[in-house]
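Enquirer: What follows is a single structure, and I will ask about it in a moment.
The values are calculated or read from the model by the stated rules, or taken from the named source; none is laboratory data. These numbers were taken from a predicted model, which means no experiment stands behind them. Using ideal geometry, Cβ is built from the backbone for each residue, glycine included, and neighbour counts are taken over all protein chains shown. For the accessible areas, the whole protein counts, side chains as well, though only heavy atoms, and no ligand, DNA or RNA atoms are used. Shrake-Rupley method; radii C 1.70, N 1.55, O 1.52, S 1.80 Å.
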Amino acid sequence: MSPFCCWGLCVAFLTLLCCPGSDEEAFEVRVSPEQLMVKSGGSGVINCSTNCTHPSKGGLETSLDTIVLQDYPQWKLFMIFNVSQNSSMRCYFWCSGKLGSKRLNIGVFYPPKQVLLKLQPTRVAVGSPFTIECRVPSVAPLEGLTVTLLRSTEVLHSQTFEGTALSPQEAMVTYSAEAQLEDSSHNFSCQAKMDLRSRGVKVVDSVSDSQALEVFEPVQDNWMVIIVVVSVLLFLVTSVLLCFVFGQQGNHRRRGIHEVQAAWMRLRGTHPAQPA
């Protein structure tokens, strides 16, 4: 055997003696999901794992209420619950006397639980303006929140909000339109949809109670026409009646005069005048 071969074997042997478990020193800790959003007061599942072959210990450091769902040397499954505020936690494993960890931040979101719709006014003339107001209280984050105003199934207006603030706030949308007669046969509603699928959350939506708009045709001008026509007719009828009454009275007078004259003539005929 050549001296170079013997020297190579000696170096390999010394490496194993001096650096046992060198593969274990490069171990990693992984956490899944890498980002987590939890509904206020809700729960979430976290998986902590490592590529260390024989970890001595592992777990999840957090101040939240936690239960262990599954426990294996290289991976562990935890459930956190009663999450009421944003928090941070850490998955960790010990491997060959060394500690490895991975941090995870938990964000709390407030879904649209209540959607309030208001029509102003609720009774309006055709062609007159009215306003639809929709409010979504205590919602966060505004990112991914879309508020849609509907007339039956027809979309009248839609607005998508922006903002990453995690403190709950109110989202409001207003829309103005001119009333049409057919609006009376439709119900108005408002839909709030939160889409946080990019953060591992399913789409959450909520719809307001439906409201009806009473639309009427303006009749003030028609009533004026009716009043004028009736007044003219009353004037004409009154005039005709007055003419008839006065005409009858004139006839009676003329007839009375004629009767007096006739009586006088008859009287003169029966009593001839005396000679002077």
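Enquirer: Keeping every protein chain in place, order Ile67, Ile46 by accessible area at 1.4 Å, biggest value first, i.e. largest first.
Expert: Result, largest first: Ile67, Ile46.
Enquirer: The range 132-235: Rg/Rh from Cα coordinates, Kirkwood Rh?
Expert: 1.31
Enquirer: From Cα pairs below 8 angstrom and at least 6 apart in sequence, can you work out the relative contact order of the range 73-163, rounded to a whole percent?
Expert: Computed value for the range 73-163: 18 percent relative contact order.
Enquirer: Can you pull the accessible area of Cys243 for me, 1.4 Å probe, Å² to the nearest 10?
Expert: About 90 Å², rounded to the nearest 10.
Enquirer: I'd like the FRET efficiency for Leu233 and Ser185, computed as 1/(1 + (r/R0)^6) with the beta carbon distance as r and R0 of 41 Å, rounded to 0.05.
Expert: 0.65
Enquirer: Size of the dipole of the range 29-109 about the Cα centre, Lys and Arg at +1 and Asp and Glu at -1 on the beta carbon, nothing else charged, in debye to 20?
Expert: 220 debye
Enquirer: Next question. How much accessible surface area, in Å² rounded to 10, belongs to the heavy atoms of Ser198 with a 1.4 Å probe?
Expert: My reading of the accessible area for Ser198 is about 90 Å².
Enquirer: Quick one: Cα convex hull volume of the range 139-188, Å³ per residue?
Expert: 76 Å³
Enquirer: Keeping all protein chains in position, work out how much accessible area His186 exposes to a 1.4 Å probe, and write it in Å² to the nearest 10.
Expert: 60 Å²
Enquirer: For the range 46-97, what is the Kirkwood hydrodynamic radius in Å, using each pair of distinct C-alpha atoms?
Expert: Taking every pair of different Cα atoms in the range 46-97, averaging 1/r and inverting gives 11.7 Å.
Enquirer: Of Lys57/Lys98; Lys76/Lys98; Lys118/Lys202, which ones are farther than 22 Å apart at the Cα?
Expert: Those over the limit are Lys118/Lys202.
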